[in-house]
């Protein structure tokens, strides 16, 4: 069974949108992701859309939402990336805080750094949820790679 996970940041323009995108791509078997902002922006940051596109994840259909909209149905987990306290309407819902830099207003390189950090955090969450569900975690391929060298041509 999938768990509804709400990713929250300030404007729902960068970090939480990245997390929702990665969760859809990597955790579709265990997560029903949604994202929201404490004070929603007018649009998803173009730099965020661009750097997620570099990973093959489109945020074109995404738009900023308020936390009230995202609370129905009630999520099993709230991931707070805002750096602020969550509002009272989320009381009683399990939550965890991720300390992730806010890239709003920053250059695309900062968005890439944040994207990579959020990707790792989401992958960790996906693995934890799979382990709790009893889904085997795919084994890592720790075998050394062998390459053939030769002349081209």
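Extension gain for the segment residue 50 to residue 72, taken as residue separation times 0.36 nm less the Cα-Cα distance, is 5.0 nm to one decimal.
Between residue 128 and residue 1, the distance separating the two model label sites (each 7 Å from Cα on the Cα→Cβ line) works out to 2.0 nm. Can you pull the one-decimal nm distance between simple spin-label points at residue 116 and residue 24, each 7 Å off the Cα toward Cβ? So the label points at residue 116 and residue 24 sit 2.5 nm apart. Between residue 106 and residue 63, the FRET efficiency from the beta-carbon distance, with R0 = 22 Å, is close to 0.55. The angle separating the long axis of helix 108-133 from the principal Cα axis of greatest extent in the chain is about 90 degrees. A helix-only calculation puts the chain at -10500 deg cm²/dmol for mean residue ellipticity at 222 nm, using -39500 (n - 2.57) for each DSSP H run of at least four residues, averaged over all residues. Decide, for region 3-133, between rounded, prolate and oblate: order the square roots of the alpha carbon gyration tensor eigenvalues as a ≥ b ≥ c, take rounded if a/c falls under 1.5, and otherwise choose prolate if a/b is larger than b/c, else oblate. Because a/c hits 1.5 or more and a/b fails to exceed b/c, region 3-133 counts as oblate.
Laboratory data are not the source of any read-out in this text; all were calculated from the coordinates shown. Note that this is a predicted model, so its numbers are computed, not measured. Positions of Cβ are backbone-derived with ideal geometry, glycine not excepted, and every protein chain shown enters the neighbour counts.
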